[in-house]
Amino acid sequence: MKIFTYFSHYSLFTILGYMWTILAFWLMFSPKGKKLFSQPSLVLLTGTALAISVWLVMREIQALTNISGGLRPLDIQLFYGKADIMKFAKALGVDGRKNYMAFQLGQDSLAPPAFCCFLMAVYRSFITSLRVQYICTGLAFVYIISAFLANNLMPLIMLYFPDDRGFFLTMLYSLVPAFDAIKYSMNGIAWLLVISTLAFQIIVRPR
């Protein structure tokens, strides 16, 4: 059955990514997690973890770009659609699609919790407005959920390719690009809010 093929692409990176995602939720909503991430020293720690995860992701993205003959993987595109998915999947070939599945379920599962934890460490350590912190938490929550869904659903498209028939697959070809667009949008809005709030705090702080 194809579902077993899906799970066969799990790796230690997958387990680590799932555990890190659960930890991110705990840090996001628990009182102890909020207090822990109010320490500026966590910015350096989470920043280092983010740098490592981004390096792992970008290394695989370059490999996939080479396999596909120069086509950029969908993960680094803000807006794409079904035609882009079909084109990329065809260019990858059978073995390339297997590599892409393993990447999405593996190394790419590390990036969302890494970005989320770094964001939380920054705004909880340096943003004084509780309202802005609450908004950032909401944005971070939507970001990590949408990223998790995109990373775990795209492999299903690759698994069944070139079949795109039926209600489930039809929905996937619409939902996955939407989740990726939401992911990038939420992350961008959150950082824009953090940077603008920090600038405001610096300008109006008592002298």
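The values are calculated or read from the model by the stated rules, or taken from the named source; none is laboratory data. Source: prediction; values computed, not measured. No Cβ is skipped: glycine too gets one built from the backbone with ideal geometry, and neighbour counts run over all protein chains shown.
Odds and ends about this structure:
- Meets criteria (modelled with pLDDT of 95 or more, of a type in the set (Asp, Glu), surrounded by 13 or more Cβ atoms within 10 Å (Cβ to Cβ) and under 23 Å from Ser8 (Cβ atoms)) for Asp75: no
- Verdict on Thr170 being under 21 Å from Leu50 (Cα atoms) and polar (S, T, N, Q): no
- Exactly one residue out of Leu153, Leu119 is surrounded by fewer than 22 Cβ atoms within 10 Å (Cβ to Cβ), over 11 Å from the mean Cα position of the chain (by Cα), aliphatic (A, V, I, L, M) and outside any loop (DSSP other than H, G, I, E, B), and it is Leu153.
- Enumeration of residues in region 37-53 that are closer than 14 Å to Tyr123 by Cβ and surrounded by fewer than 17 Cβ atoms within 10 Å (Cβ to Cβ): Ser38, Gln39, Pro40, Gly47
- Thr14 being surrounded by 14 or more Cβ atoms within 10 Å (Cβ to Cβ), closer than 28 Å to Phe126 by Cα and either in contact (Cβ under 8 Å) with a residue 24 or more places away in the chain or touching a helix residue (DSSP H, G or I) at 6+ places or on another chain (Cβ under 9 Å) (or both): no
Results for (1) under 18 Å from the mean Cα position of the chain (by Cα); (2) without any contact (Cβ under 8 Å) to a residue 24 or more places away in the chain, shown as yes or no for each residue.
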| position | (1), (2) |
| --- | --- |
| Phe168 | no, yes |
| Leu172 | yes, yes |
| Leu175 | yes, no |
| Phe179 | yes, no |
| Ile182 | yes, no |
| Ala190 | yes, no |
| Ile195 | no, yes |
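- Pair list, Cβ under 6 Å, 6 or more apart: region 31-45 residue free of Cβ contacts under 8 Å to residues at least 60 places away in the same chain, other residue surrounded by 10 or more Cβ atoms within 10 Å (Cβ to Cβ) and among the aromatic types (Phe, Trp, Tyr): Gly33/Trp26
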